[in-house]
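The values are calculated or read from the model by the stated rules, or taken from the named source; none is laboratory data. Just so you know, these numbers come straight off a predicted model, no measurement behind them. Neighbour counts run over all protein chains shown; Cβ positions are idealised from the backbone, glycine included. Just the protein is used for accessible areas: all its heavy atoms, side chains included, with ligands, DNA and RNA removed. Shrake-Rupley method; radii C 1.70, N 1.55, O 1.52, S 1.80 Å.
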Amino acid sequence: MSRNHLETDYLIVGAGAVGMAFTDVILKETDANIILVDQHHKPGGHWNDAYPFVTLHQPSAYYGVSSVELSRGQKDLTGWNKGLGDLASGAEVSAYFDNVMKQHFLPSGRVQFHSMCRYDGDKKFTNILSGEEFDVSVRRKTIDATFLKTTVPSTHTPNFSISPDVQFMPLNNLPKVRKTPAGYVVIGAGKTGIDACLWLLEQGASPDSIQWIMPRDAWLLDRKNTQATEEFFFDAIGSQAGHLEAIATSESIHDMFDKLEACGWFLRIDENVRPSMFHGATVSQMELEQLRRIKNIIRLGRVQSIEHDKIILDQGEIPTSPDHLHIDCSARAISNEEIKPIFQGDLITPQMVRSYQPVFSAAFIAHTEAAYGTDEEKNNFCGVVPLPNHDTDFIKFTAAFLMNQYKWGQTPEIRKWLFENRLDGFSKLLASVKPEDTEKSALLDKLRANAPLAATKLFQFMNEIN
Ligand SMILES: Cc1cc2nc3c(=O)[nH]c(=O)nc-3n(C[C@H](O)[C@H](O)[C@H](O)COP(=O)(O)OP(=O)(O)OC[C@H]3O[C@@H](n4cnc5c(N)ncnc54)[C@H](O)[C@@H]3O)c2cc1C
C-alpha cells in the first residue's frame with residue numbers, strides 16, 4: 001500500500017486530556033498547524049474506556065482545555081459531594097472533548113484529527129481500519145502526549161492469575177450485576193477501588209458484604225480544599241498556607257506527616273493504620289465516612305492469585321468462592337514513574353509541572369513552547385513534578401512544585417498568563433484579596449512566609465532520604 005505524506009508544524013501523538021489541552025493553547029497562542037493522532041475513535045483518551053459511574057475527583061471548573069468551560073458552574077445539591085463544586089461524569093468529559101474537537105479545533109482549519117490511527121514512531125502512523133500508512137514532515141515539533149501512561153481497569157491486564165471458575169470483572173461491569181453474589185471482593189485501594197466501594201454502598205450493598213483488599217493504605221486529599229471559589233477561600237488557601245507551615249515546622253519526615261494530617265491536608269481511612277502510599281486521590285468528608293463503614297479490610301499485601309476457594313496474597317490467604325464477585329481495581333491510573341526533560345530538541349514530552357494537575361500542566365507547557373526561546377529556558381520554567389507513589393514521594397513532588405511556583409511568581413508574563421487561564425483555579429482567588437481584608441491578607445502572609453521555609457525543609461528531607 002502506498003504511503004501518504006502529510007506536513008504539519010506540530011505532530012501530537014495522543015488526543016487524551018493532555019494532547020487536547022496542549023493543542024488548545026498552541027491554537028490560541030501561535031499560528032501553527034497541528035496533526036493529532038490517536039488509536040481511539042474519539043478524543044478524550046482513557047475517558048472513552050471509563051467505568052459508567054466514573055466522575056472527575058476534583059472540580060470540573062479547572063479540568064479540560066483552557067478555552068472551553070467544562071463546569072456547569074453549580075455545586076452538587078445531593079449525594080456525597082453535596083455542597084462542593086460539580087464533578088463531571090466520564091460520559092460528560094468524553095462528550096466535552098468530542099465537542100471541543102468538532103466545534104473548536106477542526107473548524108479552525110488548522111487541526112487535523114486522525115482517529116483510529118496507531119502511531120508507529122518516527123513520525124509514521126497507520127489507520128487501524130484501512131491499513132493506510134502515513135508519514136509526516138514535522139516543521140516544528142512532535143509531542144508525545146502518551147507518556148503519562150494512564151491505565152484504567154477495562155484496558156489493563158491484572159498481574160495475578162485468576163481461576164476460570166471465579167467471577168472476576170473490571171468495575172465497569174458492576175452495573176450489569178443481576179444476581180446477588182455471596183459477597184464483593186474489591187481488589188485495589190487507589191481511586192478506582194474507592195469508587196467501586198462508594199458505588200456499592202450508594203447502590204445499597206451492605207458494608208459487611210464488602211471485603212476490600214488494600215495492599216497499602218493511602219494518604220488522601222480533602223476535596224473541600226480543592227474548591228477554587230470565594231466561598232471556599234479559607235479552605236483552599238487556608239489549607240495551602242497550613243500545609244506549608246506544617247512542612248516548615250516539622251522536625252522529621254514522620255512529624256511532617258503527623259502535622260499534615262493534623263492541619264487537614266491529609267486524610268486517611270483508618271486512623272490506626274499509617275499510610276505508605278500517596279497517589280493524590282481526593283475524597284469528600286462524606287465519602288470518607290462511608291468508606292469507614294467497610295470494616296473487612298484485608299491488609300496482606302498484593303493478590304498473587306484468585307483460586308477456586310481462596311485468594312493467595314503476598315502475606316497470607318483468605319477464603320473466597322465462585323459465588324463471590326471479584327472486582328478488579330488494580331490498574332494504576334497514571335503509572336509512569338520515569339521522568340525526562342520536557343523540552344528536548346524537536347520532541348516535547350508533557351509531564352506534570354504542577355501537583356495533581358495534568359491538564360493545567362499540558363496547557364502551561366504549550367504556553368512555554370509558544371512564548372519562550374531555548375529548551376534550557378523552557379525547561380527552567382517546566383521542572384517535572386514527579387508522579388508520587390510512596391508516601392515519601394510527597395517530599396520531592398512538593399519540592400518540585402514549589403520550585404516551579406517560585407520561578408513563575410518571579411516572571412510577570414507568566415503571572416499574567418496564570419491569572420487569565422481557566423485551568424489555573426487559584427491565581428484569581430489569591431489576586432482577589434483586598435488589603436482591607438485583614439483575615440485573608442494574614443493568610444496570604446502566612447503562605448508567602450512559609451513557602452521558602454517549607455522548600456528548604458523538603459530539600460533537607462530529600463538529602464536525608466538519599
Ligand atoms: C478515574 C480518573 C479520574 C480522574 N480525575 C481527575 C480529576 O478530577 N482532575 C484531574 O486533573 N485529573 C484527573 N484524572 C487524571 C487525568 O485526567 C488523566 O488521567 C491524565 O490527564 C492523563 O491523560 P493523558 O492524555 O495523558 O492520557 P490518556 O487519556 O491515556 O490519553 C493518551 C491517548 O494516547 C493514545 N495513544 C497511546 N499510544 C498510542 C499510539 N501508539 N498510537 C496512537 N495513539 C496512542 C491513547 O489511545 C489515548 O487516547 C483522572 C484520571 C482517572 C483515571
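Below, the figures for the structure above:
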item: Test: residue in the range 171-183 that is assigned by TED's automatic domain parsing to the domain that holds P319, in contact with a Cys (Cβ under 7 Å, 6 or more places away or on another chain) and within 16 Å of the ligand (Cβ to nearest atom); result: yes
item: Strands (runs of 3 or more DSSP E) within the range 128-196 that include 1 or more residues over 17 Å from D38 (Cβ atoms) and open to solvent by less than 20 Å² (accessible area, probe 1.4 Å); result: 183-187
item: Within the range 384-466, helices (runs of 4 or more DSSP H) holding 2 or more residues that are hydroxyl-bearing (S, T, Y) and exposed (fewer than 14 other Cβ atoms within 10 Å of the Cβ); result: 438-465
item: Condition met for L429 (under 26 Å from the mean Cα position of the chain (by Cα) and under 19 Å from S239 (Cα atoms)); result: yes
item: Residue in the range 73-93 that is touching a Leu at 6+ places or on another chain (Cβ under 8 Å), in contact (Cβ under 8 Å) with a residue 40 or more places away in the chain, within 26 Å of Y119 (Cβ to Cβ) and crowded, with 18+ Cβ neighbours inside 10 Å present; result: yes
item: Selection from the range 17-40 of residues that are touching a strand residue (DSSP E or B) at 6+ places or on another chain (Cβ under 7 Å), among the small types (G, A, S) and near the ligand (Cβ under 10 Å from one of its atoms); result: G19
item: Any pair with Cβ under 9 angstrom, 6 or more apart, that starts in the range 276-290 at a residue that is closer than 12 Å to A189 by Cα and touching a residue at least 40 places away in the same chain (Cβ under 8 Å) and ends at one that is open to solvent by less than 10 Å² (accessible area, probe 1.4 Å) and β-branched (V, I, T); result: A281/I194
item: Qualifying residue in the range 304-311 (condition: among the small types (G, A, S) and not in a strand (DSSP E or B)); result: no
item: Neighbours by Cβ (under 6 Å, 6+ apart or cross-chain): first from the range 441-458, within 23 Å of K428 (Cα to Cα); second open to solvent by 60 Å² or more (accessible area, probe 1.4 Å); result: N450/E245
item: Residues of the range 50-60 satisfying the condition of being open to solvent by 30 Å² or more (accessible area, probe 1.4 Å) and near the ligand (Cβ under 8 Å from one of its atoms); result: T55, H57
item: Residues of the range 365-378 that turn out to be within 16 Å of the ligand (Cβ to nearest atom) and open to solvent by 10 Å² or more (accessible area, probe 1.4 Å), as a count; result: 0
item: Any hit, the range 105-115, residues being basic (K, R), more than 11 Å from the ligand (Cβ to nearest atom) and in contact with a strand residue (DSSP E or B) (Cβ under 8 Å, 6 or more places away or on another chain); result: yes
item: Complete set of residues in the range 318-364 that are in a strand (DSSP E or B), farther than 24 Å from G188 by Cβ and within 14 Å of the ligand (Cβ to nearest atom); result: I348
item: Matching residues, the range 19-49, being open to solvent by less than 20 Å² (accessible area, probe 1.4 Å) and either aliphatic (A, V, I, L, M) or outside the structural domain of A371 (by TED's automatic domain parsing) (or both); result: M20, A21, V25, I26, A32, I34, I35, L36, V37
item: Failed item in (1) touching a Leu at 6+ places or on another chain (Cβ under 6 Å); (2) within 28 Å of F419 (Cα to Cα); (3) open to solvent by 10 Å² or more (accessible area, probe 1.4 Å), with F360 passing the rest; result: (3)
item: Lone qualifier among D76, D9 - being over 18 Å from the mean Cα position of the chain (by Cα), within 30 Å of I414 (Cβ to Cβ) and charged (D, E, K, R); result: D9
item: Given (1) closer than 25 Å to S305 by Cβ; (2) among the hydrophobic types (A, V, I, L, M, F, W, C); (3) away from the ligand (no atom under 16 Å from the Cβ), number of the condition A196 does not satisfy; result: (3)
item: Qualifying residues in the range 29-70 (those that are part of a loop (DSSP other than H, G, I, E, B) and among the acidic types (D, E)) - the one farthest from the chain's Cα centre (by Cα); result: D31
item: Only listed residue being free of Cβ contacts under 8 Å to residues at least 24 places away in the same chain and within 30 Å of K440 (Cβ to Cβ), chosen from E317, E231; result: E231
item: Matching entry among S276, S284 (being within 27 Å of the chain's Cα centre (by Cα), among the hydroxyl-bearing types (S, T, Y) and buried (at least 17 other Cβ atoms within 10 Å of the Cβ)); result: S284
item: Enumeration of residues in the range 120-151 that are within 28 Å of Q357 (Cα to Cα), among the basic types (K, R) and within 12 Å of the ligand (Cβ to nearest atom); result: K149
item: Filter result for G193 (assigned by TED's automatic domain parsing to the domain that holds R302 and at positive phi); result: no
item: Search result, residues across the range 131-158 that are polar (S, T, N, Q) and over 23 Å from G16 (Cβ atoms); result: S137
